[in-house]
1. So which residues in the stretch A:454-474 are on the phi < 0 side of the Ramachandran plot, part of a loop (DSSP other than H, G, I, E, B) and without any contact (Cβ under 8 Å) to a residue 40 or more places away in the chain?
2. Exactly one of these conditions fails for A:I276: (1) away from every other protein chain (no Cβ under 14 Å); (2) aliphatic (A, V, I, L, M); (3) under 35 Å from the mean Cα position of the chain (by Cα). Give me its number.
3. Considering only residues that are in contact with a helix residue (DSSP H, G or I) (Cβ under 7 Å, 6 or more places away or on another chain) and of a type outside the set (A, V, I, L, M), look in the stretch B:137-146 and name the one that is modelled with the highest pLDDT.
4. Filter the stretch A:11-35 for residues that are modelled with pLDDT of 95 or more and touching a Ser or Thr at 6+ places or on another chain (Cβ under 6 Å) and give the result.
5. Need the failing condition index for A:V104 against (1) crowded, with 21+ Cβ neighbours inside 10 Å; (2) of a type in the set (A, V, I, L, M, F, W, C); (3) under 30 Å from B:G172 (Cβ atoms), just the number.
6. Which number in (1) at pLDDT 95 or above; (2) surrounded by fewer than 16 Cβ atoms within 10 Å (Cβ to Cβ) marks the one condition that A:V40 misses?
7. For the stretch A:243-261, check the following and say yes or no: at least one residue is touching a residue at least 40 places away in the same chain (Cβ under 8 Å), more than 19 Å from B:V139 (Cβ to Cβ) and surrounded by fewer than 21 Cβ atoms within 10 Å (Cβ to Cβ).
8. In this structure, is A:K417 over 25 Å from the mean Cα position of the chain (by Cα), in contact (Cβ under 8 Å) with a residue 12 or more places away in the chain and outside the structural domain of A:E23 (by TED's automatic domain parsing)?
Amino acid sequence: MAKAVGIDLGTTLSVVAVMEGGEPKIIPSAEGGNLIPSVVAISKTGERLVGEIAKRQAVVNPDNTIFSVKRLIGRKFSDASVQEDMKRLPYKITKAPNDDCRVVMGDKEYSPQEISAMILQKLKADAEAYLGEKVTDAVITAPAYFNDSQRQATKDAGSIAGFNVLRIINEPTASSLAYGMDKKKDETIAVYDLGGGTFDISILDIGEGTFQVKSTNGDTHLGGDDIDQRVMDWICDEFKKEQGIDLSQDKMALQRLKDAAEKAKRELSSVVQTEINLPFITANASGPKHLTMTLSRAKLEQLSADLIERSLGPCRQALADAGLQPGQVNNVILVGGQTRMPKVQDTLRQFFSREPVKGVNPDEAVALGAAIQAGVLKGEVGEILLLDVTPLTLGIETLGGVATPLIPRNTTIPTSKSQIFSTAADNQPSVEIHVLQGERPMAADNRTLGRFLLDGILPAPRGMPQVEVTFDIDANGILNVSAQDKGTGKEQKITITVSSGLSKEEVDSMKREAEMHAAEDAKRKEEIEARNAADNLAYTAEKTLRDHGDKIPEELKQEIEGKIAAVRSALQGKDMDAVRNATQELSQAMQKVGGAVYGQPGGQPPGGQQGPGGQQGPGGEEGPVEGEFREV
Amino acid sequence: MSEEGLTNDETTEAGVEEVKAEDIEALQQALAEQEKEAEKYLANWQRAQADLANYRKHAEQEKQEIVDFGNSTLILSLLPIIDDFERAFDSLPSELCEMNWIEGIKIIYNSLKAVLERAGVTEIKAKGERFDPHLHEAVMGRAGEEGVILEEIQKGYRLKDRVIRPSLVVVGKGKEETEEENDGESSRD
């Protein structure tokens, strides 16, 4: 089924998102960014440009570059706000016969809907390129204060762009969805949206998955750009004080200053002090001048204090309109890039007497929420199955009491996993499958879920029989463990209801224990592995002597026999260094055997894949020696 | 007896049929419900499978993207240093030009550029070219041949085939020497 997208059609930036695997995801633009400037232009050559590309040529083509068209959509030409905006906008705005606005671009008149549609078309094309399929259904957001005519115009823009607009939803509602607020009941939330150029505050009531906008307010000309300007002005002033040169008249220097100011502001959201370094910013008779300054977070806050304070006026008004006190708001959520600034968060914390909710990328929250709404309307979200995870690792016990994991914790279920194991002794007639749950590396420290015996294994040297162990957990958490002898086809199985065993507390305490004992466990595991490796090597050496004794010079044979004995005796004791040394020596002696037996380099001592490396076999999934059952 | 038995039989048979008819109806209804359920499950399963397939595709794409452009953040943060080197050389006082020490600094600059070139970074041509917003960003206009780049304020770069930083340029606005001049000319000269 075709996907439905969610679109944040913003005044300065637009974003598109889609549900993917049950989660909303931002679709990157063809140019690589996530945020697309809401700018449309007709170039001098008649080419239509949208987004970043249109923005780059705005300076030299101001008459034919349309931005902030959202300020005009669905409004009458005679509208006071349109008359006000006309003074700020460099392109020509005309009056349509029905008193709607028209904008002029490339000697042609366009309705604001058509301009918005061009932006939407670009988003549509990007989404189609990303998803590899046609996209027609969309949810588009609009500010909570938009009236019917503005909403209808936005919807029309969607239709012109070729979308089937499923719904126009409020921006604060979309943000609330992105923050998962729909799961709350009977709450009042404030959505504080401080973007680059506009500020909106909305008070919402949530109940049983419905959102009701109680009141909304804002400032259409307040945002992060104003703070950037303050920082730029400050840098200019400081430089003038130090060097006596006025940078504000130097366009080239200003361009660098603007980038530096924005970068410094952003950095100060995570650090308390930042360097602004602009070497060769300008020059005078005495030579080149460098700009080096330190901007502290405190200074930035001082520079922007009144701007942030200004946002509280609309907040008070919105609360008053909703008939509420600041303390009556249950949640404050942050939207818009400027809310990353710690001072903004502090101010809100004080004003609402509670910690604002963070966690969703504030630039993307609106689009993400729109995508969720689109998913709900397409029946994708409601139908999504709640998938569980295994809280603890599941595995079996292998040689030396080691717990070998098959399904690691936090694996989404249902799932299944198979692995091939082998025997630990010659002619071993049966293996015991000891099913374990827990994070500790040693079997004894984990919880036993069950055990069973697979017998009837035909006599064979150790490491030869292949026993496939399969763990299968169904959606209800019921674990089926089966073991099959690949040689005879004989199978045994056990069914365990994993979830019945442990409470949440038990799971947590098991995880904690695992963390606490991590170091000593690792040491013990290492010991066992060393012992297993030693045992393996001694076994292989014995077998080699038995099978190929006639081809090995007597002298070497005796040397190896001596070293095997040394390994065996070291294994009796507890001195791990002795075990390791004896193994090492035997391994070196064995390397001579290959040459003697095969008379060529690269010859491997026989005995299967059990090289001196021991426990961890070289193979991938099919390699039969990843671990071995303990002897029964 | 036989007649009686027959009638008896008939009534029971009719009764059985009646029960059966009701049962069948209930069963049919249950079957229809089950079929609907099954259809729904199949649809959801297919959707989940499709989701997974698409997710895989995207994960692959993103992996490739990371391989190709993963270091673009680092490269972008190195470019201003290249800019600064170039500014320094541009304003090099003539009496220092001959200094061997300066020569050494130039070698350092060239090595840094070579590292970036090996990573696939190339300069975008600007001055004298026609202005193209896909490659260049106009920061001002000035009297001069219309649509032609008169001056490059900051070099632009490509990483492989992607523009990672457009050139910042001054673009010609035609010959009119009128009031539009004021936004660049005075400060530049």
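The values are calculated or read from the model by the stated rules, or taken from the named source; none is laboratory data. Everything numeric in this text was worked out from a predicted model, so none of it was measured. Every residue, glycine as well, gets a Cβ built from its backbone with ideal geometry; the counts of neighbours run over all protein chains shown.
1. From the stretch A:454-474, those on the phi < 0 side of the Ramachandran plot are A:454-455, A:457-462, A:464-474; that's our starting set.
From what is left, the residues that are part of a loop (DSSP other than H, G, I, E, B) are A:455, A:457-462, A:464-466, A:474.
Within the stretch A:454-474, A:D455, A:I457, A:L458, A:P459, A:A460 qualify.
2. In the conditions (1) away from every other protein chain (no Cβ under 14 Å); (2) aliphatic (A, V, I, L, M); (3) under 35 Å from the mean Cα position of the chain (by Cα), A:I276 misses (1) alone.
3. Kept after step one, since they are in contact with a helix residue (DSSP H, G or I) (Cβ under 7 Å, 6 or more places away or on another chain), are these residues of the stretch B:137-146: B:137-143.
From the residues that got through so far, the ones that are of a type outside the set (A, V, I, L, M) too are B:137, B:141-142.
Working: B:E137: 93, B:G141: 87, B:R142: 86.
Looking at the filtered set, the residue picked out is B:E137.
4. A:S14
5. In the conditions (1) crowded, with 21+ Cβ neighbours inside 10 Å; (2) of a type in the set (A, V, I, L, M, F, W, C); (3) under 30 Å from B:G172 (Cβ atoms), A:V104 misses (1) alone.
6. For A:V40, the exception is condition (2).
7. yes
8. Numbers: over 25 Å from the mean Cα position of the chain (by Cα): yes; in contact (Cβ under 8 Å) with a residue 12 or more places away in the chain: yes; outside the structural domain of A:E23 (by TED's automatic domain parsing): yes.
Against the criterion (over 25 Å from the mean Cα position of the chain (by Cα), in contact (Cβ under 8 Å) with a residue 12 or more places away in the chain and outside the structural domain of A:E23 (by TED's automatic domain parsing)), A:K417 qualifies.
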